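In what follows, a single structure is set out as structure tokens and then discussed.
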Amino acid sequence: MQFFGGSEISPSPPVPTASGNNAHMMYVFNRNGICLLYKEWNRPLHTLNPQQDHKLMFGLLFSLKSLTAKMDPVNADKGNLGVPQLPGQGCSFHSFRTNTYKLSFMETPSGIKIILVTHPKTGDLRESLKYIYSLYVEYVVKNPIYSPGSPIKSELFNTALDQYVRSIS
Amino acid sequence: MVREVAESCVDTMLMEMVAMYSGRFYANKPELAARRIEAIGYQVGHQLSERYTMERPRFSDHLEAIKFICKDFWSEVFKKQIDNLKTNHRGTFVLQDNKFRWLSRVSVEPSPEKETEDPSTPGESKAAQAVSMYLYFPCGIIRGVLSNLGIPCAVSADISSLPTCSFVIRVKA
């Protein structure tokens, strides 16, 4: 979803050469709005404190999902917004781009929302987000000592995630 | 005809079993929960050993039986063999699995706020205790297998370095 076409005139940071820090930050929320994971790789500017930041992000996504579904000119079937849907089904937004960053979003049927904020020249990250979700299932959900709904503290997950995100160009 | 089940089903069921026994049935009595889980493992091991030793002749001595567990039995149940077997030739065997399948996704949270590296702090032992609950089932399985082969023993597990897991078998004389 792009509001204005990526114009070359507006200033944007130089394209990093896949040196490992293309991602700025990442959020994982669950269905109830609890921030399960917040990871930061390259974020020079902090506007709000962490709590407000998470709340703003969750609220933003909730509103955007609702907006995109209601403004859909194509889909005749007005699905209930609370109904779990596979990523891609119904009308779901998946990214927005500004001149300084691109925010990619994926929501799973179980209500897990994965948000990745990267460089604006990044391509479509839907497959990457699906892979990150599979990492989540593997290392967090299947971890016997993880209790659902609590912040993720698994080292295995953090390492695998870090490695993967650094390799996304 | 071999019937198959998804591994994630088995994993989830084991997780739930431990959660039920240590969280609901014997909520404040971890020793009783542990004993119950180990008893379930014992029954499972008993039956599995019948199935996997069907066409084999009797084992000539204890070492042969332990080697059976390390190679054939472990491959059937965990798709790999035991990596290291040690014995003191006086009834104690240590089976070391460098990447124990049921613990491969367990990850203890790193503790950033601790100033001292004291291993006996409450946080450390709580995590270790939580993980050790998941080991009673495999210990029971091993005990069940050996007792069905005529070798009464006691089995315990040692997880000083995850995901490496060592099972210590002490044969009763």
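The numbers here are math on the coordinates, done by the rules we state, and not lab data. Here the structure is a predicted model, which is why all the values come from computation and not from measurement. Glycine also receives a Cβ, built like all others from the backbone with ideal geometry; neighbour counts cover every protein chain displayed.
Details
- Taking other C-beta atoms within 10 Å as the exposure proxy, B:95, A:56 rank A:56, B:95 from fewest upward.
- Taking GluC sites (Glu not before Pro) across the stretch B:43-114, the ones in a DSSP loop with at most 10 further Cβ atoms lying within 10 angstrom of their Cβ are B:55, B:113.
- Ranked for footprinting exposure by Cβ neighbours inside 10 Å, fewest first, B:3, B:24 give B:3, B:24.
- Taking B:22, B:132, B:160 as the candidate residues, the one with maximal mean-square fluctuation in a Gaussian network model of chain B, Cα springs under 10 Å, is B:160.
- Charge dipole of the stretch A:23-167 (Cα centre as origin; +1 on each Lys and Arg Cβ, -1 on each Asp and Glu Cβ, all else neutral): 200 debye, rounded to the nearest 20.
- Mean-square fluctuations from a GNM of chain B, with a 10 angstrom spring cutoff on Cα atoms, peak among B:92, B:12, B:53 at B:12.
- Nearest-0.05 FRET efficiency for residue B:59 and residue A:98, computed from C-beta distance (R0 51 Å): 0.15
- Note on B:12-23: average number of Cβ atoms from other chains within 10 Å of each residue's Cβ is 1.
- Largest mean-square fluctuation among B:61, B:97, B:72, in a Gaussian network model of chain B whose springs join Cα atoms under 10 Å apart, belongs to B:61.
- Which listed pairs, of A:65/A:142; A:130/B:79; A:39/B:99; A:55/A:102, have C-alpha distances above 23 Å, in listed order: A:65/A:142; A:130/B:79; A:39/B:99
- Peptide A:136-143 has a mean of 4 when you count, residue by residue, the C-beta atoms of other protein chains within 10 Å of its C-beta.
- Electrostatic dipole magnitude of chain B [Cβ: Lys, Arg +1; Asp, Glu -1; Cα centre; debye, to 20]: 620 debye
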